[in-house]
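Below: the structure, in structure tokens.
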Amino acid sequence: MTAIFPGSFDPVTLGHIDIVKRGALLFDRIVIAVLHNPSKSPLFTIQERINLLQAEVSDITGVSIDTYMGLLAEFAKAQNARYILRGVRTEADCAYEIPMAQANRKLGKGLETIILAADPIFGYMSSGLIREIAAAGYASSNGEVKFDDSALDQWVSPAVKHMLRNKFSNKEL
Ligand code: ADP
């Protein structure tokens, strides 16, 4: 059984990796599908997001990474996948995921979405919040970083933290 785990992964967090690890116990193969959306302006390029993901999932059997544009149902069909894997943290996530799952089931002719409840450790964490913390924390008017970034370790890997620091430490807010 193959599942697609789609998302922006801008950047990948330990919450995403928890979903991949738990999904790997359910599916033979998981394709992490990084959304390439030209109308959005992500912090990390597609290649940076793939590289960061690759480093984190290299030791999980059956997991690969790809990119997609357009309809997820079409990508799933091309991958011969009958399942989509998603994680939900809050009621707001459910409100977003349920209609999406219903639409994908129609568009994908039976393409089912398997939704895992986030581990409470990561239940309030999103890539967006990580970006905001890093932007505010690393920004410094004289180029000197004063932010004690050890707090980020509970949410992202050292490699992601390093990339965030590079992105923001020379920029002023
Ligand atoms: P999207 O823009 O498609 O929501 P994300 O990269 O933000 O892309 O998320 C991809 C998937 O991972 C989504 O199903 C999302 O709900 C889930 N996810 C994101 N953060 C967490 C987290 N902290 N714990 C569990 N699942 C998460």
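The values are calculated or read from the model by the stated rules, or taken from the named source; none is laboratory data. Quantities reported herein were computed from a predicted structural model and do not represent experimental measurements. All Cβ positions, even for glycine, are placed from backbone atoms using ideal geometry, and neighbour counts span all protein chains on display. The accessibility values were calculated without ligands, DNA or RNA, using every heavy atom of the protein model including side chains. Shrake-Rupley method; radii C 1.70, N 1.55, O 1.52, S 1.80 Å.
Within region 137-151, can one find any residue that is under 25 Å from His36 (Cα atoms) and either open to solvent by less than 30 Å² (accessible area, probe 1.4 Å) or at pLDDT 95 or above (or both)? Looking through region 137-151, none of the residues is under 25 Å from His36 (Cα atoms) and either open to solvent by less than 30 Å² (accessible area, probe 1.4 Å) or at pLDDT 95 or above (or both).
Taking (1) modelled with pLDDT of 95 or more; (2) in contact with a helix residue (DSSP H, G or I) (Cβ under 9 Å, 6 or more places away or on another chain); (3) among the charged types (D, E, K, R) in turn, Glu91 satisfies each apart from (2). Going by what's in this entry, would Ile115 be described as more than 16 Å from Asp28 (Cα to Cα), in contact with a strand residue (DSSP E or B) (Cβ under 8 Å, 6 or more places away or on another chain), within 11 Å of the ligand (Cβ to nearest atom) and not in a helix (DSSP H, G or I)? Spelling it out, Ile115 is indeed more than 16 Å from Asp28 (Cα to Cα), in contact with a strand residue (DSSP E or B) (Cβ under 8 Å, 6 or more places away or on another chain), within 11 Å of the ligand (Cβ to nearest atom) and not in a helix (DSSP H, G or I). Only one entry of Met125, Met100, Met163 meets the criterion of being closer than 19 Å to Ile17 by Cα, within 14 Å of the ligand (Cβ to nearest atom) and among the aliphatic types (A, V, I, L, M), and that entry is Met125.
Please enumerate the residues belonging to region 97-111 that are surrounded by 13 or more Cβ atoms within 10 Å (Cβ to Cβ), over 20 Å from Ser64 (Cβ atoms) and either at pLDDT below 95 or more than 16 Å from the chain's Cα centre (by Cα) (or both). Matches in region 97-111: Ile98, Met100, Ala101, Ala103, Asn104, Arg105, Leu107.
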